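Notes for the one structure printed next.
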Amino acid sequence: MIQIESVSKTFPAKKEAVQAARSITLEVRQGEVVGLLGENGAGKTTLLRMIATLLEPTEGRIAVAGYDTVKQAMEVKKRIGVLFGGETGLYDRLSARENLEYFAMLYGLSAHETKARIDALTVKFGMKDYINRKVGGFSKGMKQKVAIARTLIHDPEVILFDEPTTGLDITSANMFRQLIHQLRGEGKTIIFSSHIMEEIQLLCGSVIMIHKGQMVYNGTLEQLYETEQSKDLNYIMMSRLVRGNAG
Ligand SMILES: Nc1ncnc2c1ncn2[C@@H]1O[C@H](COP(=O)(O)OP(=O)(O)O)[C@@H](O)[C@H]1O
Ligand SMILES: [Mg+2]
């Protein structure tokens, strides 16, 4: 479970400070798969980085599984897996296995646990053919799989994906969608940001919409369709952005 209470984030700047999050309050229950929607610069990455303990809120507090992201960051880190789009965070000179072993070590997994987790993830992602090869020569799709495996190495209960399918080819993007579906079946709590409405509609039970740092909707997709009398998420999104909080 994730609890966000009156969270604001201000980035100082020379001219005018940027308010990337404005008094956001919401809760994500265990096992929920939530889509995070918003235009470029809306504050999606900032919100995910704060949940992941990588950035401190200027105001308010966030708790993951009951642990405060600022005061108990280590406890949060143990329970959370994070993948930010674009960066895979892998070492090209190491094999896929060595990369995973390295991250398992950072999380304090035993040698036995590490081997069991890597074996399971290798099967799950079909990486058997290249698990012992150096990551440097991998295709984008192969790297993506290793990066996701890395995110899941410590079997986190909460998973954050920031624009995971942006820049992926169709095959890799579909692989990713199947994986989210699978993780959902395992009862994981997932928040992922995406520009692709179809993806959100396919995978999420609920959505969080943000606009200029402000939350303009948080709730189930079903309820949103009902309220808006439409199932066209692109259209709903645009009209919500125009209306802002008033809607
Ligand atoms: N480290 C930072 N320093 C200053 N401004 C930042 C920083 N990170 C993000 N911002 C600003 O905060 C706003 C929200 O950014 P971001 O969270 O990356 O949006 P999104 O992920 O929705 O595109 C933008 O105006 C962005 O320029
Ligand atoms: Mg972003």
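The values are calculated or read from the model by the stated rules, or taken from the named source; none is laboratory data. All figures in this text were calculated on a predicted structure; none of them were measured in a lab. Note that we place each Cβ from the backbone using ideal geometry, even for glycine, and neighbour counts take in every protein chain shown. To get the accessible areas, we keep the full protein, side chains included, count just its heavy atoms, and leave off ligands, DNA and RNA. Shrake-Rupley method; radii C 1.70, N 1.55, O 1.52, S 1.80 Å.
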Residues that are more than 9 Å from ligand 1 (Cβ to nearest atom), closer than 30 Å to residue 178 by Cβ and acidic (Asp, Glu), drawn from segment 12-50: 27, 32
Sole miss for residue 81 among (1) of a type in the set (Gly, Ala, Ser); (2) over 30 Å from residue 198 (Cβ atoms); (3) away from ligand 1 (no atom under 16 Å from the Cβ); (4) surrounded by 15 or more Cβ atoms within 10 Å (Cβ to Cβ) is condition (2)
Yes or no: segment 102-112 includes at least one residue that is touching a strand residue (DSSP E or B) at 6+ places or on another chain (Cβ under 6 Å) and either open to solvent by 70 Å² or more (accessible area, probe 1.4 Å) or of a type in the set (Asp, Glu) (or both). no
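Pick out the one residue from 127, 50 that is part of a loop (DSSP other than H, G, I, E, B), open to solvent by less than 30 Å² (accessible area, probe 1.4 Å) and among the hydrophobic types (A, V, I, L, M, F, W, C).
Details: 50 fails: part of a loop (DSSP other than H, G, I, E, B).
Of the residues listed, the single one that is part of a loop (DSSP other than H, G, I, E, B), open to solvent by less than 30 Å² (accessible area, probe 1.4 Å) and among the hydrophobic types (A, V, I, L, M, F, W, C) is 127.
Against the condition of a type in the set (A, V, I, L, M), away from ligand 1 (no atom under 15 Å from the Cβ) and under 16 Å from the mean Cα position of the chain (by Cα), how does residue 190 come out, does it pass? Outline the logic, then answer.
Values: of a type in the set (A, V, I, L, M): yes; away from ligand 1 (no atom under 15 Å from the Cβ): yes; under 16 Å from the mean Cα position of the chain (by Cα): yes.
When the stated conditions are applied, residue 190 passes them.
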Name the residues in segment 66-90 that are modelled with pLDDT of 95 or more and part of a loop (DSSP other than H, G, I, E, B), would you? 66, 69, 70, 71, 72
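Do we have any residue at all in segment 31-40 that's farther than 19 Å from residue 165 by Cα and in contact with a strand residue (DSSP E or B) (Cβ under 7 Å, 6 or more places away or on another chain)?
Going through segment 31-40, the residues farther than 19 Å from residue 165 by Cα turn out to be 31-32.
Next cut, in contact with a strand residue (DSSP E or B) (Cβ under 7 Å, 6 or more places away or on another chain) only: 31-32.
Yes, segment 31-40 contains a residue that is farther than 19 Å from residue 165 by Cα and in contact with a strand residue (DSSP E or B) (Cβ under 7 Å, 6 or more places away or on another chain).
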Going through segment 169-214 one residue at a time, which ones are polar (S, T, N, Q) and open to solvent by less than 40 Å² (accessible area, probe 1.4 Å)? 172, 189, 193, 194, 206
Criterion violated by residue 98 - all others in (1) open to solvent by 60 Å² or more (accessible area, probe 1.4 Å); (2) under 17 Å from residue 161 (Cβ atoms); (3) of a type outside the set (S, T, N, Q) satisfied: (2)
Condition check for residue 60: surrounded by fewer than 17 Cβ atoms within 10 Å (Cβ to Cβ) and more than 16 Å from residue 216 (Cα to Cα): yes
Do we find that residue 61 is more than 22 Å from residue 176 (Cα to Cα), away from ligand 1 (no atom under 13 Å from the Cβ), part of a loop (DSSP other than H, G, I, E, B) and modelled with pLDDT of 95 or more in this structure? no
For residues in segment 140-168 being at pLDDT 90 or above, more than 13 Å from the chain's Cα centre (by Cα) and assigned to a loop (DSSP other than H, G, I, E, B), which is surrounded by the fewest Cβ atoms within 10 Å (Cβ to Cβ)? 155
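Determine whether residue 30 is more than 13 Å from ligand 2 (Cβ to nearest atom), assigned to a strand (DSSP E or B) and polar (S, T, N, Q). Don't jump to the end; show me each part of the working.
Values: more than 13 Å from ligand 2 (Cβ to nearest atom): yes; assigned to a strand (DSSP E or B): no; polar (S, T, N, Q): yes.
No.
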In segment 196-226, what residues are within 24 Å of residue 23 (Cβ to Cβ) and either touching a Pro at 6+ places or on another chain (Cβ under 8 Å) or among the polar types (S, T, N, Q) (or both)? 206, 214, 218, 220, 223
Would you pick out the residues in segment 1-27 that are over 14 Å from residue 208 (Cβ atoms) and surrounded by 15 or more Cβ atoms within 10 Å (Cβ to Cβ)? 1, 5, 8, 9, 10, 18, 19, 20
Tally, over segment 31-58, of residues that are within 10 Å of the chain's Cα centre (by Cα) and over 19 Å from residue 199 (Cβ atoms): 3
